[in-house]
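A short write-up of the structure that comes next.
Just so it is clear, none of the values below were taken in a lab; they were calculated from the coordinates. As the structure is a prediction and not an experimental result, all values here were calculated from the model. Here the Cβ is made from the backbone with ideal geometry for all residues, glycine too, and neighbour counts use every protein chain on show.
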Amino acid sequence: MPPTTAAEKQKKYRDKLKKENPQKYEEIQKKAKERSARYYEKKRVPILKSTNKNYGINKEGRSEKSKRCKNGITK
């Protein structure tokens with residue numbers, strides 16, 4: 001029989017923990033949900049700030065950019 005992979009070991013541990021110690025299993029699940037919520041909360045704030053300001057369009061506007069490009073001046 002081949003050795004078990006890390007994913008198989010994790011699944012066995014979770015199943016065993018769910019049967020033998022459901023309180024600890026629930027605590028681990030709760031911490032994982034809080035961790036992911038905290039991560040997405042940090043990600044969500046900058047995205048909302050950038051979309052509220054003209055949906056990411058620079059302050060110059062498109063017409064000024066096209067004028068600069070026609071004159072041969074680029075950033």
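Would you please give the FRET efficiency between Glu34 and Met1, computed as 1/(1 + (r/R0)^6) with r the Cβ-Cβ distance and R0 = 25 Å, to the nearest 0.05?
Taking R0 as 25 Å, the efficiency between Glu34 and Met1 is 0.10.
Give the calculated FRET efficiency between Asn21 and Glu41 to the nearest 0.05, with a Förster radius of 22 Å applied to their Cβ-Cβ distance.
With R0 = 22 Å, the Cβ-Cβ based efficiency is 0.15.
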